[in-house]
Each structure stands twice: as C-alpha cells, then as structure tokens.
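J.: Below you will find the structure I want to go over with you.
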Amino acid sequence: MRIALVNNNRQESVKLAERFLRKIADSDLVLDNEHPNLIVTIGGDGTLLSAFHKYSHLLDHVRFVGIHTGHLGFYTDWRDYELDDLVESLKHDKGESVSYPLLDLEVKYRDEDESISYRALNEAVLKKVDGTMVCDIYVKEELFETFRGDGICVATPTGSTGISKSLGGAVIHPRTEAIQLTELASVNNRVYRTLSSPMVIAKDEWIVVKPINEKGLILSIDNLTFAEREVEQLTYQIAKERVHFARYRHTHFWSRVENSFIGVLNKENQIVDERARWERGE
Ligand code: NAP
Ligand code: MN
C-alpha cells in the first residue's frame, strides 16, 4: 500500500507523524505522497479537510483515514493512543471502506466564460461581510425565493455536524443522499420573506443561486476561502463522486454525534473519559 501522510503543525501531531513513520518502516506500507492509495491524516477534522482538497484529483482511487490528536472527530475516528491498532489494521488491510456523498458546486464567475467545478466535503458558504446579500434562489428551474441576509450555506450529510448545525441545520445520517441549505441571518419582515428554516433537497434536485449584487461576496468551501470575485451564478447538487474512508471498525454515527455534542455519561452521570478508560485497559 502506498501511503500519503498529512499532519497539522501542532507538536502532538508532528510527534505522532514521526512515530507513525517509524512504525511502518519495516513493513509493506510505503510512504508515497505523490501517488498514494491511502491517505493518513494526523490532527483534527480540519486536517482531514485539507488533505481532502490536496488530493481531490485522486478521489476515485484513494481512501482516507484520520487520527485525531484531540477529541474524537467526525472524519477522524482513530485517537492518538490507538496508533498501534491502526498500524496493525493497515498491515492487514483488505480494502475495507465506507463512502459518503460530496457536494458538487459549479461556479460561474463574471470574468470567466466557463464555470469552475468544486467538490466540498463539509459545505460551501456564500456570504457578504459588508451589507446585505441579495440573491434569487431556484430549486431546479423554478424561482423559489429572493433571499436577503448575511449568506447561505449548503452542506453535505457529513458536513451537517459542522457549521451547518450552528446555523440551525439538522444532523443528517451520512447514508442519506441529500444536501441541506441553511440561512445566515435572513431578513424577514412584511416586505421580505424567506423560508427561514433549513431545506433538504433530494438526490435528483439542484439549487441555483443568482446574486443580485455581485460585489463583496465571499465564497468558502470547507476550510478554503476564495478571494473576492464576482460570482454570477452557483449551482449546487450531490456530486457523482463520493469520498472513501478506510473502515477497519465501525463507530455508529449517532454514537459519534452523542460523543461530540452531548458527551457519553456513565451511571453516575459523569462524562466518560475515553482516554482514561483506555489507559486503565477497559
Ligand atoms: P476550525 O475553525 O478549526 O473548525 C471549527 C470546528 O469545526 C473545529 O472544532 C473542527 O474540528 C470542527 N469540524 C470540522 N468539520 C466538522 C464536521 N464535519 N463535523 C463536526 N465538526 C467539524 O476550521 P477547520 O478545522 O479548518 O474546519 C473547517 C470547518 O469548520 C468548516 O467546513 C465548517 O464546517 C466548520 N466551522 C464551523 C463553525 C461553527 O460551528 N460556527 C464556524 C466555522 C467553521 P477539529 O477541531 O477537529 O478540526
Ligand atoms: Mn480545525
């Protein structure tokens, strides 16, 4: 197996990356950052997002696996203290994988004839920092609403636990093939009206956004932000490609959600410390 390693700059991550490399040194696992078939990330969910974009041209050929040096993440389901178990799983890899839907975003910029196509693992956010963003929102060919507010977010199912959730979006099981639109501070009064609730569209539908005033818009895709450019039209739908993760063991999605947002409680109603449990050999 050819492995690419991506880590963030935090000291724990750098040290763990060195340990990882020492552990694979005498095995069939070779480091190949150019043409990998497995990408190991060490850091947080944000590190995995960076790796996803770094290797987005290889999506059909690679699997990702993420180690979190902090708490348990959504894309990073291995913890730093489980490194030995992970390396063993890699050595005995049989191609186990799970895949999740991605967002396909086609952007037509004013100064370019062709649309540019992007893939998001979490979401795309279009917003205006100065003044109100006004845009027409279509579902397929039909005008749905004229939106006024700070911006809009369109998220994937796995992105539904990211910023989309902070915007009031629902948490969506990643087996659901859908994308979700949420609003950033919409203007609603007797004159202006938006749906004012999250909207989930079906697999065969798409959303088109046409900004009325194109100046000063900022487009973010996952952890990347694009310099201000005049956006004429954006089209959002579920991508044909999916992202693949190596899955050597299964963490129930709702357990992950509980672990991240609620905290797993023991009988005494105390939050369970997973690391302490592991250190005690439980
Ligand atoms: P960041 O500022 O470090 O990210 C904010 C937090 O979101 C971090 O705790 C990150 O986890 C977590 N996160 C990322 N993807 C997630 C997911 N799918 N489900 C649950 N939590 C997730 O920036 P970043 O690390 O570069 O990540 C960019 C992402 O952060 C964006 O795509 C957006 O979804 C999210 N974000 C959230 C908010 C918010 O909730 N208000 C604001 C900005 C950005 P790690 O610590 O493990 O990296
Ligand atoms: Mn982060």
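J.: Over the chain, with every protein chain in place, what whole percent of the accessible area is carbon and sulfur at 1.4 Å, could you tell me?
T.: For the chain, the apolar C and S fraction of the accessible surface comes to 47 percent.
J.: Something else now. Taking 0.36 nm per residue of separation and subtracting the Cα-Cα distance, what length does fully extending residue 270 through residue 116 add?
T.: That works out to 50.5 nm of additional length.
J.: Test of understanding: what is the full-extension gain from residue 204 to residue 189, defined as 0.36 nm times their sequence separation minus their Cα-Cα distance?
T.: My answer for the length gained is 2.2 nm.
J.: In the range 9-40, which GluC sites (Glu not before Pro) are in a loop and have at most 15 other Cβ atoms within 10 Å, using DSSP for the loop call?
T.: 34
J.: Between residue 262 and residue 35, what length in nm is gained on full extension when 0.36 nm per residue of separation is reduced by their alpha carbon distance?
T.: 77.8 nm
J.: Find the Cα radius of gyration of the range 116-196, compare it with 2.2 N^0.38 Å by division, and give the number to two decimals.
T.: 1.13
J.: May I pose another question? When the Karplus curve 6.51 cos²θ - 1.76 cosθ + 1.60 is applied with θ = phi - 60°, which whole-Hz ³J(HN,Hα) does each residue of the range 228-237 get, with x for Gly and Pro?
T.: Running phi through 6.51 cos²θ - 1.76 cosθ + 1.60 with θ = phi - 60° gives 3, 9, 6, 9, 8, 7, 10, 10, 10, 7 Hz.
J.: Let me ask another. How far is it, in nm, from the label point at residue 134 to the one at residue 26 when both lie 7 Å from their Cα along the line to the Cβ?
T.: 7.1 nm
J.: Treating each Cα of the range 1-75 as an identical point scatterer and ignoring solvent, apply the Debye formula and state log10 I(q)/I(0) at q = 0.14, 0.23, 0.25 Å⁻¹.
T.: Each listed q corresponds, in turn, to -0.40, -1.05, -1.20.
J.: How much accessible surface does residue 248 have with a 1.4 Å probe, in Å² rounded to 10?
T.: 50 Å²
J.: Under a straight-distance cross-link criterion of Cα-Cα below 30 Å, which lysines are reachable from residue 267, leaving out those fewer than 8 residues away in the same chain?
T.: Residue 267 reaches 165.
J.: While we're on this one: Using the reciprocal of the averaged 1/r over all distinct C-alpha pairs, how large is the Kirkwood radius of the range 225-282 in Å?
T.: 16.3 Å
J.: With an 8 Å cut-off on Cα pairs and a minimum separation of 6 or more residues, tell me the relative contact order of the range 102-241 in percent.
T.: Details: 357 pairs, mean separation 44.5, N = 140.
So the answer I get is 32 percent.
J.: What is the calculated FRET efficiency for residue 279 to residue 53, with r their C-beta to C-beta distance and R₀ = 30 Å, to the nearest 0.05?
T.: After rounding, the FRET efficiency stands at 0.30.
J.: If 78, 254, 206 are ordered by their accessible area, calculated over protein heavy atoms with a 1.4 Å probe, which sequence runs from highest to lowest?
T.: These residues rank, largest area first, as 254, 206, 78.
J.: Per residue, how large is the accessible surface of the chain? Use a 1.4 angstrom probe and give square angstrom.
T.: That works out to 51 Å² per residue.
J.: With n ≥ 4 as the cut-off for DSSP H runs, can you work out [θ] at 222 nm for the chain, using -39500 (n - 2.57) per run divided by the number of residues, rounded to the nearest 500?
T.: It comes out at -5000 deg cm²/dmol, rounded to the nearest 500.
J.: Near residue 203, which aspartates and glutamates are there with a Cα under 19 Å away, not counting those fewer than 8 places off in the same chain?
T.: By straight Cα distance, residue 203 reaches 104, 106, 123, 141, 142, 177, 241.
J.: Here's something else I'd like to know. From a point 7 Å beyond the Cα of residue 81 in the direction of its Cβ, which residues of the range 240-266 have a backbone N at a distance under 16 Å?
T.: 264
J.: Plugging the Kirkwood radius over Cα pairs into Stokes-Einstein for the range 102-241, at a temperature of 25 °C and a viscosity of 0.890 mPa s, what D comes out in µm²/s?
T.: 165 µm²/s
J.: Continuing with this model, one more query. Would you list, by chain and number, the aspartates and glutamates whose Cα falls below 13 Å from the Cα of residue 127, excluding same-chain residues fewer than 8 positions away?
T.: Within the straight-line limit of under 13 Å, residue 127 reaches these aspartates and glutamates: 150, 183, 214, 228, 230.
J.: What's the center-to-center distance, using Cα atoms, between the range 144-218 and the range 1-48 in Å?
T.: Going from one Cα centre to the other spans 35 Å.
J.: Could you work out, for the chain, what percent of all Cα-Cα pairs fall into each 5 Å distance bin, beginning at 0 Å and stopping at the bin that holds the largest distance?
T.: 1, 5, 11, 15, 16, 14, 12, 10, 7, 5, 2, 1, 0, 0
The values are calculated or read from the model by the stated rules, or taken from the named source; none is laboratory data. This structure is a prediction, so every number in the text was calculated from the model and none was measured. Here Cβ is always computed from backbone atoms with ideal geometry, including for glycine, and neighbour counts include all displayed protein chains. Heads up: the accessible areas ignore ligands, DNA and RNA and are worked out on the full protein's heavy atoms, side chains in. Shrake-Rupley method; radii C 1.70, N 1.55, O 1.52, S 1.80 Å.
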